[in-house]
Amino acid sequence: MKQKLEIKGGKDPNVVAGDDQEENKVVKARASQKYKEGFVTDIESFTLPPGLDEDTIRQISTFKGEPEWLLDYRLDAFRKWQKMEQPNWAKLKIPEIDFQAISYYSSPNANKENAPKSLDEVDPKLLETYDKLGVPLHERERLAGVAVDAVFDSVSVGTTFKAELEKVGVIFSSFSEAVHDHPELVKKYLGSVVPSSDNYFAALNAAVFSDGSFVYIPKGVRCPMELSTYFRINAINTGQFERTLIVADEGAYVSYLEGCTAPMRDENQLHAAVVELVAMDDAKIKYSTVQNWYPGDENGKGGIYNFVTKRGNCQGKNSKISWTQVETGSAITWKYPSCILRGDDSSGEFYSVALTNNYQQADTGTKMIHLGKNTKSTVISKGISVGKSQNAYRGLVRVAKKADNARNFTQCDSLLIGKSCGAHTFPYTESANMTAKLEHEATTSKISEDQLNYCLQRGISEEDAISLIVDGFCKEVFKELPMEFAVEAKALLDISLEGAIG
Amino acid sequence: MLKINDVYAKAGDKEILKGLSLEVKPGEVHAIMGPNGAGKSTLGNLLAGMPHVEATQGSVDFLGKDLLDLEPEERAAEGVFLAFQYPVEIPGVNNMYFLRTALNAQRKYRGEEPMDSAQFLRMVKQKIKDMNMRDDLLKRPVNVGFSGGEKKRNEVFQMGVLEPKLAILDETDSGLDIDALKIVSDGVNQLRSPDRSFIIITHYQRLLDHIEPDFVHVLADGKIVKSGTKKLALELEEQGYGWLNQ
């Protein structure tokens, strides 16, 4: 078999921090949690009582005024979910989740009739919340060149630049609106990439999803601005189950970004989202995530459980889907943005920075499924472990029998800061075609004393030196982010590293 | 400027400096020579405050401050610069960004305004031109993929940008070909000034053909055993270190 599997630089792909680092550089958990998005908005809201059964789902569907087919879709998913078991193959310690203790719907609008028709009618408290988060929705202060859909708990509270986008035929709206305004598109693509039976959390999402964003870019249109969704969990004891669907028609291009934050609470909260992307011939979708869910405190109390299924279908010839993620938040991250490379000459990319500190756990990576001929995939993963955290990369590259000349390059680098954390790499490759060429490089390193000393001697403090070295380590991924967000991502990393040095 | 008074120091568990004294006045260039293992690099690391070297006795006064009492980054901001024998690589961090971070950290310590990127760019472009170095040095990640000569050139360039009061060069000449040696020593000579001092640690007198020292000291077994002028370096070159023990 002419398959090439190279392991460069990596000694053992499954390395846990050793004890050889000097005692004087012991890394302690950050002294004070600096999660500036940890505030709670005091707003009147309508929240379903905790509990999950078919009635809950019917209620959600009724609130949203959904058509029959969608309710059936939900109920079918729910019945599948009931027969499934929570997966336990990831390198994660997941406390038992009581699905009956969670509320599945919370809306900041007291009743549906009062729902705002435009951003002018949105509750000022909500606008203020997004201002505080740095995502102004007001007409005057909007982010230049970025359209935002703001999702608060279970509903979308507003979408900016909708009219401007409509002029070029781009549909950008909340998922709920899309169900009403473009049922044919939603019906056609919902569940087409991630079927409701795909996995436990995807099935749960399909049953109870409340809102999210919908994007359609028509043939030949290059979306004139960045699209983004800002997800905010506010209500206590609720889960957020959003659903995002992006379809890029022939020759279309779109760059989409999502951000997310939540209040600091001692209780864990569940977030189980599904994202589906579809790219037709020559279409390109660039999907970037800056994930900053509340990670829990320095003792591992609280934080979001983030169980997300993200998958893109490169359906058309020469299509391309690129995932970039910066994951610094959540107590537990279980997430594998993937690409199905169905169209000939299509390509998939996955660029990831995952930083875990304190007691955070992350098991994240990607799946690249090569089905078409001459398909290409690139995977660059940078894992940074600090404190007592555990950080795992899990990746699958599969080449189907008919996928002639498939190419994959995977680079998987882990950086350990301190001696109580762990980095783990689980690369899986399956090739059924002799012409496949797969490369895998893995390295595990620590910030060396020599690097720190060099920075110190030039006048840079230890904390700044670590931030500088980590930033350099992540460079290849940061450069894939849209400019405005690369700056935000770096700042976020600095905050997450704060207190990394004792 | 610098007064080292009867210093004893350990590197790891091993006592390396054993009663070393040395005074450096503003504007002076002192060369430190001596056999392998005499403690030359330990002296440089001690002054820069590198964590693996620890003074057990004696004192070091730098411009009226107790140098041994300061953190390494504070010493840098006070004006101590060490050109490393083996400069490390920092992947993904470009040299210019690294230097601006360093310069602004030092300025902050001294209570000065930070330099913005436009001012900084103008300044480094001028420096790199003055020092006859290629400006691709600025864009490349710190020392990554640099040849031995390029790394040493980069050390001297950083020295030029940070403008220290006391520059310590730890075997900056080792591994340099004759052209690189010239560029490095020209760079150092340009930086010579009445209020900047140098300690040049070297094995070979050839560097001293390019950078003329005011004093030459021989360091053996942890202390200075002989001091003299440039002539001493020439004698050492001819006769080796053996005769000093007799």
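In the set (1) touching an Asp or Glu at 6+ places or on another chain (Cβ under 9 Å); (2) open to solvent by 60 Å² or more (accessible area, probe 1.4 Å); (3) not in a loop (DSSP other than H, G, I, E, B), B:ARG153 fails one condition alone, (1).
Within the range B:5-27, if we keep just the residues that are crowded, with 18+ Cβ neighbours inside 10 Å and under 16 Å from the mean Cα position of the chain (by Cα), the residue that is farthest from B:VAL218 (Cα to Cα) turns out to be B:VAL24. Is there a residue being aliphatic (A, V, I, L, M), surrounded by 22 or more Cβ atoms within 10 Å (Cβ to Cβ) and within 16 Å of A:PHE175 (Cβ to Cβ) anywhere in the range A:220-232? Yes, the range A:220-232 contains a residue that is aliphatic (A, V, I, L, M), surrounded by 22 or more Cβ atoms within 10 Å (Cβ to Cβ) and within 16 Å of A:PHE175 (Cβ to Cβ). Within the range B:195-231, track down each residue that is of a type in the set (A, V, I, L, M) and open to solvent by 10 Å² or more (accessible area, probe 1.4 Å). Once the filter is applied, which keeps residues that are of a type in the set (A, V, I, L, M) and open to solvent by 10 Å² or more (accessible area, probe 1.4 Å), the range B:195-231 yields B:ALA220, B:ILE224, B:VAL225. The conditions of being in contact with a strand residue (DSSP E or B) (Cβ under 7 Å, 6 or more places away or on another chain), more than 13 Å from every other protein chain (Cβ to nearest Cβ) and open to solvent by 60 Å² or more (accessible area, probe 1.4 Å) are met by A:GLU430. Restricting attention to the range B:114-144 and to residues that are in a loop (DSSP other than H, G, I, E, B) and within 14 Å of chain A (Cβ to nearest Cβ), the residue that is most open to solvent (accessible area, probe 1.4 Å) turns out to be B:PRO114. On inspection, B:VAL188 passes the criterion of being within 16 Å of the chain's Cα centre (by Cα) and in a helix (DSSP H, G or I). Screening A:TYR351 with (1) under 18 Å from A:VAL379 (Cβ atoms); (2) out of contact with any Asp or Glu (no Cβ under 8 Å at 6 or more places or on another chain); (3) open to solvent by 10 Å² or more (accessible area, probe 1.4 Å) gives one miss only, at (2). In this structure, does A:ALA392 turn out to be within 28 Å of A:GLY296 (Cβ to Cβ), within 15 Å of the chain's Cα centre (by Cα) and among the aliphatic types (A, V, I, L, M)? When the stated conditions are applied, A:ALA392 does not pass them. Applying the criterion of at least 1 residues that are out of contact with any Leu (no Cβ under 9 Å at 6 or more places or on another chain) to the strands (runs of 3 or more DSSP E) found wholly in the range A:276-355 leaves A:284-291, A:303-314, A:320-327, A:332-335. Residue check: is A:VAL179 aliphatic (A, V, I, L, M) and modelled with pLDDT under 90? Considered against the rule, which asks whether it is aliphatic (A, V, I, L, M) and modelled with pLDDT under 90, A:VAL179 comes out as no.
Here is a yes/no grid of residues against (1) within 20 Å of A:ILE171 (Cβ to Cβ); (2) of a type in the set (Phe, Trp, Tyr); (3) open to solvent by 10 Å² or more (accessible area, probe 1.4 Å):
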site: A:VAL247; (1), (2), (3): yes, no, no
site: A:GLY251; (1), (2), (3): yes, no, yes
site: A:TYR256; (1), (2), (3): yes, yes, no
site: A:LEU270; (1), (2), (3): no, no, no
site: A:ALA283; (1), (2), (3): yes, no, no
site: A:GLN291; (1), (2), (3): no, no, no
site: A:PRO295; (1), (2), (3): no, no, yes
site: A:GLY303; (1), (2), (3): no, no, no
site: A:PHE307; (1), (2), (3): no, yes, no
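Just to verify a result, which residue in the range A:457-470, among those that are within 7 Å of chain B (Cβ to nearest Cβ) and assigned to a helix (DSSP H, G or I), is most open to solvent (accessible area, probe 1.4 Å)? Here the answer is A:ASP464. Taking the criterion of being among the aliphatic types (A, V, I, L, M) and either more than 11 Å from chain A (Cβ to nearest Cβ) or open to solvent by 30 Å² or more (accessible area, probe 1.4 Å) (or both), the residues of the range B:51-100 that qualify are B:ALA55, B:VAL60, B:LEU63, B:LEU67, B:LEU68, B:LEU70, B:MET96. Residue selection: A:ASP149 fails the criterion of being more than 20 Å from the chain's Cα centre (by Cα) and either open to solvent by 30 Å² or more (accessible area, probe 1.4 Å) or closer than 27 Å to A:GLU128 by Cβ (or both). Annotation note: of A:THR324, A:THR309, the sole residue that is within 22 Å of A:ALA207 (Cβ to Cβ), within 14 Å of the chain's Cα centre (by Cα) and hydroxyl-bearing (Ser, Thr, Tyr) is A:THR309.
This table checks each residue for (1) part of a loop (DSSP other than H, G, I, E, B); (2) closer than 21 Å to B:PRO213 by Cα; (3) of a type in the set (Gly, Ala, Ser).
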| residue | (1), (2), (3) |
| --- | --- |
| B:ASN5 | no, no, no |
| B:TYR8 | no, no, no |
| B:LEU22 | no, yes, no |
| B:LEU46 | no, no, no |
| B:GLU73 | no, no, no |
| B:TYR86 | yes, no, no |
| B:LEU99 | no, no, no |
| B:GLY111 | yes, no, yes |
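Given the structure, is A:GLU476 within 13 Å of chain B (Cβ to nearest Cβ) and at pLDDT below 90? When the stated conditions are applied, A:GLU476 passes them.
Condition first: in contact with a Lys or Arg (Cβ under 9 Å, 6 or more places away or on another chain) and assigned to a helix (DSSP H, G or I). Can you find one or more residues in the range A:478-490 that meet it?
Looking for residues that are in contact with a Lys or Arg (Cβ under 9 Å, 6 or more places away or on another chain) and assigned to a helix (DSSP H, G or I), one finds at least one in the range A:478-490, hence yes.
A count restricted to the range A:438-456 and to residues that are within 7 Å of another protein chain (Cβ to nearest Cβ) and surrounded by 23 or more Cβ atoms within 10 Å (Cβ to Cβ) stands at 2.
Can you confirm whether the range A:428-446 contains a residue that is of a type in the set (S, T, N, Q) and under 30 Å from B:GLN106 (Cα atoms)? Yes, because at least one residue in the range A:428-446 is of a type in the set (S, T, N, Q) and under 30 Å from B:GLN106 (Cα atoms). Answer yes or no: is there a residue in the range B:174-181 that is part of a loop (DSSP other than H, G, I, E, B) and of a type in the set (Ser, Thr, Tyr). Yes, the range B:174-181 has at least one match.
The sole residue among A:SER213, A:SER197, A:SER173 that is open to solvent by 10 Å² or more (accessible area, probe 1.4 Å) and among the polar types (S, T, N, Q) is A:SER197.
Of the residues making up the range A:387-427, those that are part of a strand (DSSP E or B), open to solvent by 30 Å² or more (accessible area, probe 1.4 Å) and either more than 24 Å from A:TRP89 (Cα to Cα) or aliphatic (A, V, I, L, M) (or both) are A:ARG407, A:PHE409.
The values are calculated or read from the model by the stated rules, or taken from the named source; none is laboratory data. A quick note: this is a predicted structure, and the numbers were derived from the prediction, not measured. Note: ideal-geometry Cβ built from the backbone for every residue, glycine included; neighbour counts use all protein chains shown. Protein only, heavy atoms only, side chains kept; ligands, DNA and RNA dropped before computing areas. Shrake-Rupley method; radii C 1.70, N 1.55, O 1.52, S 1.80 Å.
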